[in-house]
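This report concerns only the one structure given below.
The values are calculated or read from the model by the stated rules, or taken from the named source; none is laboratory data. Because the structure is predicted, anything quoted here is derived from the model rather than measured. Positions of Cβ are backbone-derived with ideal geometry, glycine not excepted, and every protein chain shown enters the neighbour counts. To get the accessible areas, we keep the full protein, side chains included, count just its heavy atoms, and leave off ligands, DNA and RNA. Shrake-Rupley method; radii C 1.70, N 1.55, O 1.52, S 1.80 Å.
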Amino acid sequence: MKQVRLPQILTTERDTTISANWKVEVVVFGTASMEYTTYVNELPKPGETKKAMYREECFGGRAANQCVAAAKLGAHCALVSKLGSDDLGRTYYEYLQQMDINMDYVQMVEGQQTGTCHISIDDNSQSSVIVLPGANATLSHKDVSRSRKAFSQAKVLLCQLDTEPKVVLCALKQFKGVSILNGAPGMKTLSPELIKAPTILCINEVEAALLTERKEIRFVQDAKEAAHELLLKGAKTVIITMGDQGAVFLSSSEPDTCLHCPAAPVRYLADTSGAGDAFLGSLAFHIVHFPKLNLEHHIHAANLCAAYAVGKRGTQPSFPGPEMAQDDLCLIDPAFYIILNETKEQKAWRERQAGVVPAPVESKPELKPEPQPEPKPETKTETKSESKSELKKESDGEDEPKRLKPPTPSLVPTVVPSQALAPEPDQVPTPIPYEAAPEEKKETATVMPAARAAAQRATEVAAAVVSSRATQRTTDVPASVVPARVTQKARKVNHNKKRPIHKSHAH
């Protein structure tokens, strides 16, 4: 297969005086551990067991990984870390020496084992990581003090959050050059001093969501908002890596200009576990060797190295070597875009995609319900006065008004039926004097028999209702309220029923 190389650009921008005198250019403060990478078809869920295809063993640890990534590109690196006094620690120490890394500041701790890191990777290149610190947990302020020489020579410092935050803060304050803090592993709370201390705060989208208390960061606009929020907390420059979407960065010197550097193309996707460390190691290398270029050039070169790393398995074995640095990646015109302010419609669409705001429902015209036929009214009780009022309205040609159903009495009344049928004083209509003309008398005479019949039927119905209510016994009603004819109800005797005769009394 023919190897494709990027075009080489000759320039005098590169600082060639560094190689003449070997001095520390990049100092990395943090952890070093052995990595055990297991490849499975699918990552196990809690309580689930999965069979692995095979396992690999390699050197790792975030600080050591970033140090090796910068060293393989050609940077002069020094590592400040601790290893256990076991076989793994001695093997790791010899390996780092072969990588031309300054090991004067790496200690072998007696009675401690070398830190280990267990990584599981599935077919979709998704990974889960479990870390056992070991000797790395003994890093303290004293290790910062004994590394003064390296801190004074180096131009770039790389730190992570694997060690105690107070120790990391001490290292950042002691360094006078360009300091880069990698916010991994992600933390929900980070002290304001630790955000303000580094020159560059570099985090991925998951870590940025934790620091800004967001559900997730899916789009570059989300990353822009998170970067603005971190600047308000005191950060100088923020870089948010977003995997296949590239990186977004924002600086306090230009808070209104947020840039997006797209990701480099990936030919093969094998393992993503070393992409972040390859990005940071390359970023430190290019900042040292191309100090006059803008940060977008350094980020573009780091994206290319990260894309190269995901195409190979393992962490440190996947990092690109000096052949990538010889192409002067920083001097290739980088592709970057200014993230503009989004409109209200774009923001609403982005929030709907993130599940923050539900999608608007289209309003449909309300359908007017069809008029339902009025149900037939139940039998109603009417008084004579109501019948006369209704008769008067019919004679005037008006529509018959709707009459309310009289309320059903809940208790047996103590009044006589004639009083129960009498309407209330406020319900009695005012009598209207009526003097009919001769022609009207004829008209009224034809209607009166029907009205009288209706009034008589209503009176009979009302009497029947009161009579049926009076015969009902209610447990809630005291005996004094019930009429005497109900309380002294006659006992029914069945005279046809024969009395049984017991055998013991038979004669």
Problem - In the stretch 93-131, the residues that are more than 22 Å from Lys149 (Cα to Cα), open to solvent by less than 80 Å² (accessible area, probe 1.4 Å) and in a strand (DSSP E or B) - result: Gly115, Thr116, Cys117, Ile119, Ser120, Ile121, Ser127, Ser128
Practice task
Tell me which residues, restricted to the stretch 196-208, are outside any strand (DSSP E or B), open to solvent by 10 Å² or more (accessible area, probe 1.4 Å) and in contact with a helix residue (DSSP H, G or I) (Cβ under 8 Å, 6 or more places away or on another chain).
Solution key: Ala197, Glu205
Completion exercise
When every residue in the stretch 1-45 that is in a loop (DSSP other than H, G, I, E, B), at pLDDT 85 or above and of a type in the set (S, T, N, Q) is compared, the one farthest from His297 (Cα to Cα) is Asn41
Practice task
Examine the stretch 126-133 for a residue that is at pLDDT 95 or above and among the polar types (S, T, N, Q), and state whether such a residue exists.
Solution key: no
Practice task
Of all residues in the stretch 251-291, count the ones that are of a type in the set (D, E, K, R), over 17 Å from Thr237 (Cβ atoms) and open to solvent by 10 Å² or more (accessible area, probe 1.4 Å).
Solution key: 2
Completion exercise
Flagged in the stretch 236-270 as in a loop (DSSP other than H, G, I, E, B) and either among the small types (Gly, Ala, Ser) or in contact (Cβ under 8 Å) with a residue 60 or more places away in the chain (or both), in numbering order, are Gly246, Ser252, Ser253, Pro262, Ala263, Ala264, Leu269, Ala270
Exercise for the section: Could you please find all residues in the stretch 134-161 being open to solvent by 60 Å² or more (accessible area, probe 1.4 Å) and in a loop (DSSP other than H, G, I, E, B)? Expected result: Arg146, Lys155
Problem - Residues that are assigned to a loop (DSSP other than H, G, I, E, B) and modelled with pLDDT of 95 or more, drawn from the stretch 162-176 - result: Phe175
Exercise for the section: Report, by residue number, each residue of the stretch 273-309 that is in contact with a Leu (Cβ under 6 Å, 6 or more places away or on another chain) and over 19 Å from Val156 (Cα atoms). Expected result: Leu304
Completion exercise
Log entry, pairs with first residue in the stretch 168-183 being free of Cβ contacts under 8 Å to residues at least 12 places away in the same chain and over 20 Å from His141 (Cβ atoms), second being surrounded by fewer than 24 Cβ atoms within 10 Å (Cβ to Cβ) and among the aliphatic types (A, V, I, L, M), beta carbons closer than 6 Å, six or more apart or on different chains, reads none
Practice task
Out of the residues in the stretch 298-324 that are among the small types (Gly, Ala, Ser) and within 20 Å of Ala263 (Cβ to Cβ), state the one that is surrounded by the fewest Cβ atoms within 10 Å (Cβ to Cβ).
Solution key: Gly311
Practice task
Kindly list, by first and then second residue, each pair from a residue in the stretch 330-356 that is basic (Lys, Arg) to a residue that is assigned to a loop (DSSP other than H, G, I, E, B), limited to pairs with Cβ atoms under 6 Å and residues at least 6 apart or on different chains.
Solution key: Arg350/Phe219; Arg352/Ala359
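So which residues in the stretch 46-92 are assigned to a helix (DSSP H, G or I) and open to solvent by 60 Å² or more (accessible area, probe 1.4 Å)?
Arg62, Asp87, Arg90, Thr91
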Practice task
Of all residues in the stretch 219-229, count the ones that are open to solvent by 30 Å² or more (accessible area, probe 1.4 Å) and farther than 15 Å from Glu342 by Cα.
Solution key: 1
